[in-house]
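What follows is calculated from the coordinates using simple rules that are stated; it is not laboratory data. As the structure is a prediction and not an experimental result, all values here were calculated from the model. Cβ sites come from the backbone with ideal geometry, for glycine too, and all protein chains shown count toward neighbours.
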Protein chains: 2
Amino acid sequence: MEFKDNIPIYLQIKQYLYRQIVTGELKPGQKIPSVRELAVQLTVNVNTVQRALQQMNVEGILYTKRGEGNFVTEDTDLLEKTKQELIDDELNKFVQSMNDLGVSNDQIHDILSAYLK
Amino acid sequence: MEFKDNIPIYLQIKQYLYRQIVTGELKPGQKIPSVRELAVQLTVNVNTVQRALQQMNVEGILYTKRGEGNFVTEDTDLLEKTKQELIDDELNKFVQSMNDLGVSNDQIHDILSAYLK
DNA sequence: TTTACTGTATCACATTTCTAATACACTGTA
DNA sequence: TACAGTGTATTAGAAATGTGATACAGTAAA
């Protein structure tokens, strides 16, 4: 995996997993790869993976069975809510950035349309 | 200024100044506040400001007159090009993020419209 | 019980980022 | 010239991040 050097890797790992979960690539109740597997996959240290997973555990999106592995939560309401939050966050950042660059809300649509072609 | 703790402050300062420049709040040829002024304004160390300005200097968006201060470039072509690049970068990030979250290009418009109301 | 797989904890170290203090160098103006 | 305002450089230290190695602890299955 290619990491941006401006953002802590453990945060990028969280984002990577979050996205796999909310898109259903990792399904509710499904076991995710072990910390050691992920560490190899992502060419990163075990501790760095651990840090990401530990936080996602606190956030409730994962649960840990010690000795077995980490699993995606089965709380589909939480998953749906999380997905909406992630999308809203992105919308927020985007609109804010465009405004800061002098692009009004009205103009955003046109610029986006042009961009998507 | 409120800084996000995940992104280096000098990068946020760069972004802050870039945006003031491309929106014309700071005009071509205009002197920007001194490193010491900015440091006080942003409640940040002089060295941190210096680091941001030094990079913007390399990038050509600012030029330095030693003993006088830093000035916005008068190369309006570069300014226009820079603005376009910043906008395109934001569009890129946004569309990429939405795709990663399972939102297709077709859906983006609707979601954006809903959000802007 | 043993083995192999899990997660967890700890330590030492390097790097990046940021602060803080100080000094130096250049410029315009009184 | 002297001074006040600029940018620049250097040094030391703290905190956050990441690596690497090692050990410990729980679980499932042979």
* Options B:Thr73, B:Thr23: the member that is polar (S, T, N, Q), in contact with a helix residue (DSSP H, G or I) (Cβ under 9 Å, 6 or more places away or on another chain) and away from chain A (no Cβ under 14 Å) -> B:Thr73
* Asked: Do you know which of the residues in segment B:27-62 that are closer than 14 Å to B:Gln12 by Cα and within 14 Å of chain A (Cβ to nearest Cβ) is farthest from DNA strand C (Cβ to nearest atom)?
  -> B:Gln55
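With within 17 Å of B:Gln15 (Cβ to Cβ), in contact (Cβ under 8 Å) with a residue 60 or more places away in the chain and either surrounded by 12 or more Cβ atoms within 10 Å (Cβ to Cβ) or within 14 Å of another protein chain (Cβ to nearest Cβ) (or both) as the only criterion, which of B:Leu79, B:Leu86 stands out? Talk me through it step by step, then tell me what you get.
Numbers: B:Leu79 fails: in contact (Cβ under 8 Å) with a residue 60 or more places away in the chain.
Among B:Leu79, B:Leu86, only B:Leu86 is within 17 Å of B:Gln15 (Cβ to Cβ), in contact (Cβ under 8 Å) with a residue 60 or more places away in the chain and either surrounded by 12 or more Cβ atoms within 10 Å (Cβ to Cβ) or within 14 Å of another protein chain (Cβ to nearest Cβ) (or both).
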* Report, ordered by the first and then the second residue, all pairs with beta carbons closer than 7 Å, sequence separation of six or more or different chains, a first member in segment A:25-53 that is more than 13 Å from A:Asn70 (Cβ to Cβ), and a second member that is outside any helix (DSSP H, G or I) and within 8 Å of DNA strand C (Cβ to nearest atom). => A:Gln41/A:Pro33
